[in-house]
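Below: one structure, written as structure tokens.
Quick note: the coordinates plus some simple rules give every number you see, no bench work behind them. No experiment lies behind these values; they were computed from the predicted model shown. Heads up, the Cβs are rebuilt from the backbone with ideal geometry, glycines too, and the neighbour counts pull from every protein chain shown.
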Amino acid sequence: MSDSWSNTEVQLIIADYFNMLSAELRGEPYSKTEHRRALRPLLRNRSDGSIEFKHQNISAVLIELGQPYIKGYMPRFNYQQILIEAVIGYLENNRNIEEQFLLFSDKAIVTKIADFNLRKLIVEPPVANFVVEPKVTYHRCPIKTNYLEREQKNSRLGFLGEELVIEFEKWHLINAGKEKLAEKIRWVSKEEGDGAGFDILSRNLNGTDKYIEVKTTKLGKETPIFFSKNELDFSISEKESYHLYRLFSFEKDVQMFMLKGSLNQICRPEPISYKGYF
């Protein structure tokens, strides 16, 4: 049989995906295995791997649209036009999902630094999984707000992420026998505001400056970050000392990866807004 998914199959798997996503956003337990087992008889002899891959494609579509996705389905971006059009159609016909996106992005986080295990915080950064194919285009989206960006601007979430990085840097330096350097760490964004181009001034073990930008999300490690031109320019001018600390899964089992260098080196930047002068 052809590997191409029929329109009916695409509609079924999208509905199943959003059923799971709604449960996840509400904090309700669900089983991906049980969902897959119930879905398979409705599809044309699709394997578990094929179903999971399509779920990952849906995650990628939602990220492209700026919306939350299921953390357990790592985004795979080599999807077809039929999928993004079908996801957009689902969003158009189920406008109430935006209420859940809003609650997710604005949700107050209640946690304490003591709840985190600093020894188990660090993981490897994600591997770039963009494929070299023509970019799929779309012409409409019923949800006008980018809720991924809105979540990153959640002040409480950002504050807690930076607070955790401060504690991690102190812990790291003290364990390396550099107590004096730990005392010199500054929370720049808290003391001076967001205009410096970075959040935290820490120190390397040799005493040199370490400029840290912290980005925090409740979603998975592949979630894109959003940064300003000022942050980009500063990262380029200080690329030898600039570090991105990316905290993810912040509500539960928080982890972090670190990347050194300018933002246009450590990720694939995509301009999303411009300023026009006359």
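The calculated FRET efficiency for K144 paired with E191, based on their beta-carbon distance and R0 = 45 Å, is about 0.80.
In segment 59-100, what trypsin sites (Lys or Arg not before Pro) fall in a loop by DSSP, with at most 12 other Cβ atoms inside 10 Å? Walk me through the intermediate numbers first.
Details: sites: K71, R76, R95; in loops: K71, R76, R95.
In loop regions of segment 59-100 (DSSP not H, G, I, E or B), the sparsely surrounded trypsin sites (Lys or Arg not before Pro) are R95.
Would you kindly calculate the translational diffusion coefficient of segment 1-159, applying Stokes-Einstein with the Kirkwood radius from alpha carbon pairs, for 10 °C and a viscosity of 1.306 mPa s, and quote it in µm² s⁻¹ without decimals? My calculation gives 92 µm²/s for D.
Relative to the longest principal axis of the Cα atoms of the chain, helix 48-64 runs at roughly 60 degrees. For the chain, the Cα-based Rg and Dmax, in that order, read 20.6, 67 Å.
Considering helices alone, the calculated mean residue ellipticity of the chain at 222 nm is -12500 deg cm²/dmol, with DSSP H runs of length four and up weighted by -39500 (n - 2.57) and normalised per residue.
May I ask you to list the GluC sites (Glu not before Pro) in segment 166-252 that are in a DSSP loop and have at most 13 other Cβ atoms within 10 Å of their Cβ? Intermediate values should be presented prior to the final figure.
Working: sites: E167, E169, E179, E183, E191, E192, E213, E222, E231, E238, E240, E251; in loops: E183, E222, E238, E240, E251.
In loop regions of segment 166-252 (DSSP not H, G, I, E or B), the sparsely surrounded GluC sites (Glu not before Pro) are E183, E240.
Would you mind estimating how fast segment 78-227 diffuses translationally, via Stokes-Einstein at 37 °C and 0.692 mPa s with the Kirkwood radius over Cα pairs, in µm²/s? Translational diffusion coefficient: 178 µm²/s. When the chain is treated as a Gaussian network with alpha carbon springs shorter than 10 Å, the biggest mean-square fluctuation among G261, G161, G220 belongs to G261.
Size check on segment 151-266: the Cα extents along the three principal axes, sorted descending, read 35, 33, 25 Å.
For segment 26-102, the set of chymotrypsin sites (Phe, Trp or Tyr not before Pro) satisfying both a DSSP loop assignment and a count of at most 15 other C-beta atoms within 10 Å is given as Y30. Treat every Asp and Glu Cβ in segment 7-106 as -1 and every Lys and Arg Cβ as +1, leave all other atoms uncharged, and give the resulting dipole magnitude about the Cα centre to the nearest 20 debye. Computed charge dipole of segment 7-106: roughly 440 debye. Please report the spacing between the Cα centers of segment 213-278 and segment 66-88 in Å, no decimals. Here the answer is 22 Å between Cα centres. Computed from backbone phi with θ = phi - 60° and the Karplus coefficients 6.51, -1.76 and 1.60, the 3J(HN,Hα) list for segment 244-257 is 9, 10, 9, 8, 9, 6, 5, 5, 8, 6, 4, 9, 8, 10 Hz; x is used for glycine and proline. Near S105: Cβ cut-off under 13 Å, other residues only, Lys/Arg at +1 and Asp/Glu at -1. The net charge is -1.
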